[in-house]
Amino acid sequence: MPLAPGHWPRPLPPAALTPGPRLVYPRGQGDPPSGLRVDGIGVRRPPLAVVFVAVLIIALGETAGAVMSQLRPQLDTYARARIAANAQVHGLAGSAEYDGEVIARTVYVTEAGLSFFHTHAQGLGPVVLFASTLAATAVRRRRARTVLYVLLSVGGLFPAGYLVYSLAALELGRESGVELAERYVLTPLGAAAIVGLLVLAALIVAGRGRRPAA
Amino acid sequence: MKAGEPDAWRVPPASTLLAAVLLIACAEVGGACMVKFKLELTRWARAVIQARPATHGLVGVRDVDEEVIDELLVKFDAALRLFHLHGEGMGLVIIATTMTAATLVRADAARRAITALLTVGGAGYPVGYLLWGVLIPHYGIDRGKTLAEWLVWIPFGGATIVAVWWLTALLGLGLVRRP
């Protein structure tokens, strides 16, 4: 845009945005439609198996949400039937008032497990995809990348722990089932995801200033 | 490496990215509005509920009616929260899944169909919670939910589920057939 006479040059404060020649990028250096480019670094994709795990987790999470919404009465009936079949582990005493409260709490835990599965799967799927993309792009050493892919993929299965949480609460009793799911499924899978993300962060910090993965 | 190489991510269509970013932005704004206009939203919902006593079974006895109104307001608030939550999540899911489709689905028709289903379904689904929130004061919890289900959740959520399983199946086939 032409400037009014006398408008330029004029004193400007330090670090102010100053008018200058328009930047013209050479042809072919703009964002090509075929690949993401961030600051001139091509963004790599992780191996197909890792992408598959991430998308599978998202698909399972979506489906769980729909099942929870559409089949709530059936899930409730199933949960009550399983609790009745495992009366001893749930400590049912034959008193309607006491048993009713125990059953309601266990059904609540089962539904909460499904809800956690839905929300964690929807969240963790993209986390696995984007974190493994960072690993593919920013981590130079092949062996380190492989370790990260394994940790992130295994960690990506963390939401499945909430399915175990739901089922174990019905089959083993509320306390025992939740403890089993937390100790043997949620903690190891969650730890894999956390370790994977921390190692990725450490490797990115360690690799700053070096050339990106060839 | 250069963009366009076999193991580079490919960008999904601009319209898809726009839909995803707009959805995330709407969800952010929704969350902010819930905090900023909490009082106004509650007043509006309460006024609409009280204007429709027959719909909500209000009997004119304060003690009884307040319990009913409280339950409706809790669900109204929950619907807005779920819009916020699902908007944020589905925006990222759209980007992640359509990027995967753009990169790894070779057949043009399948790629376009999956991308369209994921975009339309993913962007439309969270709006169902907003609709439910608006419908609760007018029609009650259950009628509002039924309307939202048939108008938004089932068609848009169904589209997303079909597309994401289609994509999963194609990726699985790719893994099995890989040399």
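Any read-out appearing in this document is the output of simple, stated calculations on the displayed coordinates, not a laboratory observation. Since this is a predicted model, take the numbers as computed values, not measurements. When we count neighbours, we look across all protein chains shown, and the Cβ atoms used for this are built from the backbone with ideal geometry, even at glycine.
Normalised by residue count, the protein assembly as shown yields a Cα convex hull volume of 229 Å³ per residue. Computed with the Debye formula from one identical point scatterer per Cα of segment B:63-115, without solvent, the log10 of I(q)/I(0) at q = 0.12 Å⁻¹ comes to -0.50. Both the radius of gyration and Dmax for segment A:45-206 are 18.9, 64 Å, in that order, over alpha-carbon atoms. Only one residue of B:Leu39, B:Ala25, B:Thr103 has its Cα farthest out toward the positive end of the dipole of segment B:14-171, where Lys and Arg carry +1 and Asp and Glu -1 on Cβ, and that residue is B:Thr103. Taking each full run of DSSP H in chain B as one helix, which ones are at least 30 Å long along their axis (Cα atoms) and have mean Kyte-Doolittle hydropathy of at least -1.0? Qualifying helices, which must be both long enough and hydrophobic enough, are B:14-36, B:62-104. Stretching the chain fully between A:Tyr78 and A:Ala49 yields a gain of 7.0 nm (0.36 nm per residue, less the alpha carbon separation). Residue farthest toward the positive end of the dipole of segment B:31-179, with Cβ of Lys/Arg at +1 and Asp/Glu at -1: which of B:Ala54, B:Gly172, B:Ala79? Projecting each Cα onto the dipole axis, the largest value belongs to B:Gly172. One Cα centroid belongs to segment A:57-72, the other to segment B:46-65; the line between them spans 34 Å. Evaluated at q = 0.13 Å⁻¹, a Debye calculation over the C-alpha positions of segment B:88-170 (equal weights, vacuum) places log10 I(q)/I(0) at -0.44.
Its relative contact order, with pairs defined as Cα atoms under 8 Å and 6+ residues apart, puts chain B at 28 percent. Between B:Val61 and A:Val67, what is the label-point separation in nm under the 7 Å Cα-to-beta-carbon projection? Result: 4.3 nm between the two label points. From helices alone, chain B scores -26500 deg cm²/dmol at 222 nm; the rule is -39500 (n - 2.57) for each run of n ≥ 4 DSSP H residues, then divide by the residue total. For chain B, the Cβ-based charge dipole about the Cα centre amounts to some 700 debye (Lys, Arg positive; Asp, Glu negative; other atoms uncharged). Under 10 Å, Cα contacts only: if you run a Gaussian network model on chain B, which one of B:Lys38, B:Lys75, B:Lys145 comes out with the highest mean-square fluctuation? Between B:Lys38, B:Lys75, B:Lys145, it is B:Lys38 that shows the largest mean-square fluctuation. Listed by chain and number, the aspartates and glutamates whose C-alpha is less than 15 Å from the C-alpha of B:Lys36, apart from same-chain residues fewer than 8 away, are B:Glu28, B:Asp77. Enumerate by residue number the chymotrypsin sites (Phe, Trp or Tyr not before Pro) in segment B:1-97 meeting two conditions: DSSP loop (anything except H, G, I, E, B), and at most 14 other Cβ atoms within 10 Å of the site's Cβ. Counting only loop positions with at most 14 other Cβ atoms within 10 Å, the chymotrypsin sites (Phe, Trp or Tyr not before Pro) in segment B:1-97 are B:Phe37.
Label sites at B:Leu173 and A:Val195, each approximated as a point 7 angstrom past Cα along Cα to Cβ, lie 3.7 nm apart. Please sort by residue number the trypsin sites (Lys or Arg not before Pro) in segment A:50-159 whose DSSP state is loop and whose Cβ has at most 14 other Cβ atoms within 10 Å. The qualifying sites are A:Arg140, A:Arg141.
Taken about its Cα centre, segment A:104-208 carries a charge dipole of about 780 debye when Lys and Arg each add +1 at the Cβ and Asp and Glu each add -1 at the Cβ. Residue order for B:Ile69, B:Ile95, fewest other beta carbons within 10 angstrom first, comes to B:Ile69, B:Ile95.
When only the Cβ of Lys, Arg, Asp and Glu is charged (+1, +1, -1, -1), the dipole of segment B:64-138 relative to its Cα centre reaches about 860 debye. For segment A:153-214, the relative contact order is 36 percent, taking Cα pairs closer than 8 Å that sit 6 or more residues apart in sequence and dividing their mean separation by the residue count. Expressed as a fraction of 2.2 N^0.38 Å, the rule-of-thumb size for a compact globular protein of N residues, what is the C-alpha radius of gyration of chain B? So chain B has a normalised radius of gyration of 1.32.
Dipole orientation for segment A:45-206: of the candidates A:Ala160, A:Val205, A:Ala85, A:Val205 has the Cα lying most toward the positive pole (charges on Cβ; Lys, Arg +1; Asp, Glu -1).
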